[in-house]
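To start, the structure itself, in structure tokens.
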Amino acid sequence: MNCPACRQPMVVLELDEIEIDHCISCGGIWLDAGELELLLEDSAEKDKLLSSFKVDKNTKRKSRRCPLCLKKMQEVLCGVDNEKKIIINECPQKDGFWFDRGELEEIIRIGSFDKSNKVLELLKDMFKKS
Ligand SMILES: [Zn+2]
Ligand SMILES: [Zn+2]
């Protein structure tokens, strides 16, 4: 699978049987549908965060294509309050989410997940290796 941002082939990382596609050259991360939920584990924070996701049709961000179906991805606003919102990309057919470098970390921060969260462990590992 190629990176939707810079078109380099992505590497697959595994964490507790979840496969994560990661672009070494731009630091982006692709998560297949359902993987974000798995990574966030069951918590009140997760439900709150996921229910805040809202498709935004007015952003002017550079469009990217889904690495699976190649359709243009939509912009999704995430954030539990108005001050801390970030925009990520989602496949219009729900194949998954694309996170530019730092965005996955930002989501964890916004959602106030605790420090032992799987995602933070994963990110630590990833950047140690690269
Ligand atoms: Zn890339
Ligand atoms: Zn797709």
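The values are calculated or read from the model by the stated rules, or taken from the named source; none is laboratory data. No experiment lies behind these values; they were computed from the predicted model shown. So basically every Cβ, Gly included, is an ideal-geometry build from the backbone, and we count neighbours across all protein chains shown.
Observations on the model:
Residues are listed down the side, and each one gets a yes or a no for (1) in contact (Cβ under 8 Å) with a residue 24 or more places away in the chain; (2) within 15 Å of ligand 2 (Cβ to nearest atom); (3) surrounded by 14 or more Cβ atoms within 10 Å (Cβ to Cβ); (4) not in a helix (DSSP H, G or I):
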position	(1), (2), (3), (4)
L39	yes, no, yes, no
K46	yes, no, yes, no
V55	yes, yes, no, yes
L70	no, yes, no, yes
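- Taken over the range 68-113, the residue count meeting the criterion of being under 15 Å from the mean Cα position of the chain (by Cα), farther than 17 Å from C23 by Cα and of a type in the set (A, V, I, L, M) is 8.
- K129 vs. criteria among the basic types (K, R) and either at pLDDT 95 or above or within 13 Å of the chain's Cα centre (by Cα) (or both): no
- Unmet criterion (only one of (1) within 16 Å of ligand 2 (Cβ to nearest atom); (2) touching a Ser or Thr at 6+ places or on another chain (Cβ under 7 Å); (3) in a loop (DSSP other than H, G, I, E, B)) for S63: (2)
- Taking the range 1-17 as the range and being closer than 13 Å to M126 by Cβ, in a strand (DSSP E or B) and either without any contact (Cβ under 8 Å) to a residue 60 or more places away in the chain or within 16 Å of ligand 2 (Cβ to nearest atom) (or both) as the test, the residues that pass are V11, V12, E14.
- Qualifying residue in the range 10-30 (condition: touching a strand residue (DSSP E or B) at 6+ places or on another chain (Cβ under 7 Å) and among the hydroxyl-bearing types (S, T, Y)): no
One line per residue, one yes/no per condition, for (1) near ligand 1 (Cβ under 10 Å from one of its atoms); (2) out of contact with any Ser or Thr (no Cβ under 7 Å at 6 or more places or on another chain):
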residue: I29; (1), (2): yes, yes
residue: E35; (1), (2): no, yes
residue: S51; (1), (2): no, yes
residue: K72; (1), (2): no, no
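- Boolean, K94 is at pLDDT below 95, part of a loop (DSSP other than H, G, I, E, B) and surrounded by fewer than 16 Cβ atoms within 10 Å (Cβ to Cβ): no
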